[in-house]
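A.B. asks: Dropping a structure here in structure tokens format, bear with me for questions.
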Amino acid sequence: MVKIAIYPPNSLILADLLERKGHTPLVLQKQIRQKIKDPEIDSPPMNITEEDPIKGLKYAAIEVPSGVRGRMAIIGPLIDEAEAAIVVDGAPYGFGCIGCARTNELSIFLLRNKDIPVLELTYPTNQDETYAMVNEINEFVDSLEETDKEEE
Amino acid sequence: MSQNLTMSPDLGTEDWDPDVITRMIFIGPGAHVSEQEVVSEFHMLGLPLTIKNTCYGSMISGKSEDVYKAIEEIRKLDPNHIFTKERGFAPGDPRRCRGHRFGPREGFHQMEKEYRILGFVSNALENPKEVEIEEKKPVDVDEFKKIMNECLENKE
């Protein structure tokens, strides 16, 4: 079982395809759940505490806007945990849950620089492209399984 | 909008339990089951779950062990058309529930977008096949020139 970061981090299709293969998709909803179950915070979306931009300093410099650092405090731990990543590019406007283009760029940059296998795909628009996307994801996941077995 | 942002909901013990998770179940286009069948099947499992019928399928909430068990069983109904996804907030949470807000909840728009290609994903899972995609290339300059000249000549 490999922990795979997905981008957008709340994608239904990516998360589902990985779960079908028995892997763990690192989805943002789990992080959000942790946050909202914290008894100290009772009012999301105003749930960025003063602690978050400080935590975000691990991923972004002090000059970076606090909005990016606050978001990175939630997404960052997922990137740290990732053993592989699937990034979907060219998605329609409004796709994804981050709501910040710079955070998106920084997260993808960190995933690419992490020295883990990364599969980059383009958002499909028709049947053939979707077939190709599903095939590529399945091949990628199978190759991860093989390397996992070899390491064992 | 201010009441949405400052709402301090009165949550029950289950809402604070870190082991209680929520999952959304989507029924893709062309599925052989209906939302009602999925919900009935969840009830028939006899697990301690909160089950909600929705327009896209259903939503279940409960202890993670029960939720994963229920999902495993429900996928058997139509493995290629039933998709599931985590959800951070519990069903009916006033901070996200549409009933307490003025418009679709966050996350709905992406769900809408992904639903458009969900049918293709189901087809790909049902009948896997190799496809070759022809990459779109820009028109060659010489060819463009030729076509342009032809058009100009025809015009004269």
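A.B. asks: What is the fewest-to-most order of B:Met111, B:Met24 by other Cβ atoms lying within 10 Å of their Cβ?
C.D. replies: B:Met111, B:Met24
A.B. asks: Apply 1/(1 + (r/R0)^6) to the Cβ-Cβ distance of B:Asn127 and A:Asp38, taking R0 = 51 Å, and write down the FRET efficiency to the nearest 0.05.
C.D. replies: 0.65
A.B. asks: Hey, quick one: spin label on A:Glu151, modelled 7 Å out along Cα-Cβ, who in the stretch A:1-34 has an amide N within reach, i.e. under 16 Å?
C.D. replies: Residues A:1-5, A:23-26 fall inside that zone.
A.B. asks: Further question: By per-residue mean of other Cβ atoms within 10 Å, what is the highest-first order of A:72-84, A:2-14, A:96-108?
C.D. replies: The densest-packed peptide leads the list: A:2-14, A:72-84, A:96-108.
A.B. asks: Ignoring solvent entirely, what values of log10 I(q)/I(0) come out of the Debye formula for chain A at 0.13 Å⁻¹ when each Cα is a single scatterer?
C.D. replies: Cα-only, vacuum Debye calculation for chain A: -0.63.
A.B. asks: First check a/c for the stretch A:67-152, with a ≥ b ≥ c the square roots of the eigenvalues of its C-alpha gyration tensor; if it is under 1.5, answer rounded, and if not, answer prolate when a/b is larger than b/c or oblate otherwise.
C.D. replies: Oblate shape, in that a/c is at least 1.5 and b/c is the bigger or equal ratio.
A.B. asks: OK, next. Taking the alpha-carbon centroid of each part, what is the distance from the stretch B:113-156 to the stretch B:52-78 in angstrom?
C.D. replies: 40 Å
A.B. asks: Based on Cβ point charges of +1 for Lys and Arg and -1 for Asp and Glu, what charge dipole magnitude is obtained for the protein assembly as shown about its Cα centre, in debye rounded to the nearest 20?
C.D. replies: Here the protein assembly as shown has a charge dipole of around 1260 debye.
A.B. asks: Compute the long axis of helix B:64-75 from its Cα atoms, compare it with the longest principal axis of the Cα atoms of chain B, and write down the angle in degrees, 0 to 90, nearest 10.
C.D. replies: 50 degrees
A.B. asks: Starting with the highest mean, order B:64-75, B:139-150, B:45-56 by the number of other Cβ atoms within 10 Å, averaged over the residues of each peptide.
C.D. replies: Result, highest mean Cβ count within 10 Å first: B:64-75, B:45-56, B:139-150.
A.B. asks: State, as an integer percentage, the relative contact order of chain B based on alpha-carbon contacts under 8 Å between residues 6 or more apart.
C.D. replies: That works out to 25 percent.
A.B. asks: Enter the angle in degrees (range 0 to 90, nearest 10) between the Cα long axis of helix B:35-45 and the first principal axis of the Cα atoms of chain B, meaning the one along which they spread out most.
C.D. replies: Around 40 degrees separate the two axes.
A.B. asks: Dipole of the stretch A:1-135 (Lys/Arg Cβ +1, Asp/Glu Cβ -1, origin at the Cα centre): which of A:Asn104, A:Pro65, A:Ile79 lies farthest to the positive side?
C.D. replies: A:Ile79
A.B. asks: Would you tell me the mean number of C-beta atoms belonging to other protein chains that fall within 10 Å of each C-beta in B:18-28, as a whole number?
C.D. replies: Mean partner shielding for this stretch: 2.
A.B. asks: With springs connecting C-alpha atoms under 10 Å apart, model chain A as a Gaussian network and identify which of A:Asp128, A:Asp115, A:Asp89 has the largest mean-square fluctuation.
C.D. replies: Sorting by GNM fluctuation, first place goes to A:Asp128.
A.B. asks: Here is a further query. In whole angstrom, how long is each semi-axis of the equivalent ellipsoid of the stretch B:27-156, when you take the square root of 5 times every eigenvalue of its Cα gyration tensor and sort them from largest down?
C.D. replies: Calculated on Cα positions only, the semi-axes equal 48, 21, 12 Å.
A.B. asks: With springs only between Cα atoms under 10 Å, which of B:Lys113, B:Lys63, B:Lys137 fluctuates most in a Gaussian network model of chain B?
C.D. replies: B:Lys137
Every read-out reported here was derived from the displayed coordinates using simple, explicitly stated rules and does not represent laboratory data. Just so it is clear, the structure is predicted and the values come from calculations on it, not from any experiment. Glycine gets a Cβ as well: all are built from the backbone with ideal geometry, and neighbour counts include every protein chain shown.
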